[in-house]
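The next block holds one structure in the form of structure tokens; read it before the comments.
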């Protein structure tokens, strides 16, 4: 009788350990969905020149080079992202207010103020990592 009881305890202990491990592994690999907090992209960033000052952006507001804004092809307007220049390791938080960039290989266009903060004014284009820090408000 003892051996049967011992085997059943061992079986249940093993079953509990396996269940616990499976539940931990299922949480570890989840990636953030497009546009949600934690979503990331890597690529090249460029920035708007002074000639765009005052022109209407895709969201209807005028472009202001001193504001911390950016253009992205698909992220909803109002999404806040952190952009890090992978060369200088400098970061800036910007709000998506426009569409673009329309140059192959680029993932984001920064305002002039944002470009200064990440140290890319002289180069014009820089390798960056972009991460959503706050999703756009749902309407």
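Sorting 36, 41 from the fewest to the most surrounding beta carbons within 10 angstrom yields 36, 41.
Here each label is just a point 7 Å from Cα along the line to Cβ, and for residue 122 and residue 138 those points are 4.7 nm apart.
Which residues in region 62-91 place their backbone N less than 18 Å from a point set 7 Å from the Cα of residue 104 along the Cα-to-Cβ direction? The answer is 73, whose backbone nitrogens lie closer than 18 Å to the label point. Fewest neighbouring Cβ atoms within 10 Å first, the residues 84, 79 line up as 84, 79. Residue exposure proxy: 110, 68, 75, ordered by other Cβ atoms within 10 angstrom of their Cβ from fewest to most, comes out as 68, 75, 110. Relative to one another, the C-alpha centroids of region 94-139 and region 54-81 are positioned 9 Å apart.
The numbers here are math on the coordinates, done by the rules we state, and not lab data. If you're wondering where the values come from, they're calculated on a predicted model, not measured in any experiment. We place every Cβ from the backbone using ideal geometry, glycine too, and count neighbours over all the protein chains shown.
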